[in-house]
1. In the structure shown, do any of Lys63/Lys123; Lys14/Lys38; Lys14/Lys138; Lys14/Lys53; Lys85/Lys123; Lys53/Lys160 have a Cα-Cα gap over 24 Å, and if so which?
2. With Rg and the Kirkwood Rh both taken from Cα atoms, where does Rg over Rh land for the range 42-191?
3. Where the eigenvalues come from the Cα gyration tensor of the range 22-80, what are the semi-axes √(5λ) of the equivalent ellipsoid, largest first, in whole Å?
4. List the pair-distance distribution P(r) of the range 1-113, using every Cα-Cα distance, as the percent of pairs falling in each 5 Å bin from 0 up to the bin containing the longest distance, rounded to whole percents.
5. Once neighbouring chains are kept in place and the probe is 1.4 Å, which whole percent of the accessible area of the chain is contributed by carbon and sulfur?
6. Return the long-range amide H neighbours of Ala67 (sequence gap of 5 or more, or a different chain), with a cut-off of under 5 Å between placed amide H atoms.
7. Using a probe radius of 1.4 Å on heavy atoms only, what accessible surface per residue do you get for the chain? Whole Å² is fine.
8. For Thr2 and Glu89, what does the FRET efficiency come to when R0 = 35 Å and r is the distance between their Cβ atoms, rounded to the nearest 0.05?
Amino acid sequence: MTEFILASASPRRKELLEIMGLDFNVVVSDADESAVPKDIPARLYVQELALLKAAATAKTVLKKKNAVIISADTIVTLDGEILGKPKDEADAYEMLSALGGRVHEVYTGYCVMRIRDGKTVCKSEKTEVEFKPLTDDKIRSYINTREPMDKAGAYGIQGKGSMLINRINGDYFNVVGLPVSALADTLEGEFEIDIF
């Protein structure tokens with residue numbers, strides 16, 4: 001029987017795997033993310049980060065021959081620049097000010113790695129998100145909720161940040177942190193794992 005391992009501490013990714021009905025354990029990766037150069041295309045950058053996390057986790061679970069590792073990484077880009085998690089409130093304010101009234105991209109890279117034979121498939125998804133124009137007061141009020149502080153791009157689409165968004169083009173769950181439909185397709189098509 002397949003033993004799924006989520007190589008992420010993200011509570012949002014945990015919730016999404018639960019929605020998929022997967023029985024899994026969490027093993028947080030100790031990968032050094034600074035090893036991946038930021039000057040490569042965003043789609044490749046998130047795939048490389050996901051691969052790095054999967055490989056680091058594989059080293060700790062090699063004895064689990066039925067294990068399948070799922071790892072992911074999500075970034076926000078605006079005008080080609082990566083917006084990570086804000087360092088502080090001032091950084092969050094700058095990010096949200098820049099996003100207001102504009103369209104940006106959310107990329108999530110994910111990897112599925114099977115321990116038994118080392119088979120690894122890494123892919124990425126892109127979703128475009130359009131923000132409403134944001135007033136100074138709205139930005140500060142949102143920052144005061146503390147929600148932006150641990151999220152790429154300084155917002156959470158699944159929380160109060162949803163009220164800042166005008167529309168999205170693509171997979172909603174990709175913005176949350178894991179493209180559920182694409183992951184299901186990979187598990188079924190590449191690994192012959194029946195999700196249903």
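The values are calculated or read from the model by the stated rules, or taken from the named source; none is laboratory data. Just so it is clear, the structure is predicted and the values come from calculations on it, not from any experiment. All Cβ positions, even for glycine, are placed from backbone atoms using ideal geometry, and neighbour counts span all protein chains on display. Each accessible area value is taken on the protein alone, full model and side chains, heavy atoms only, with ligands, DNA and RNA left out. Shrake-Rupley method; radii C 1.70, N 1.55, O 1.52, S 1.80 Å.
1. Numbers: Lys63/Lys123 26 Å; Lys14/Lys38 26 Å; Lys14/Lys138 30 Å; Lys14/Lys53 16 Å; Lys85/Lys123 22 Å; Lys53/Lys160 29 Å.
The answer is Lys63/Lys123; Lys14/Lys38; Lys14/Lys138; Lys53/Lys160.
2. Working: Rg = 16.9 Å, Rh = 16.2 Å.
That ratio is 1.05, to two decimals.
3. Sorted largest first and rounded, they come to 26, 12, 8 Å.
4. 2, 11, 20, 19, 18, 14, 9, 5, 2, 1, 0
5. The C+S portion of the solvent-accessible surface of the chain is 49 percent.
6. The list, which skips near neighbours in sequence, is Glu3, Ile115, Arg116.
7. 50
8. The value I calculate is 0.20.
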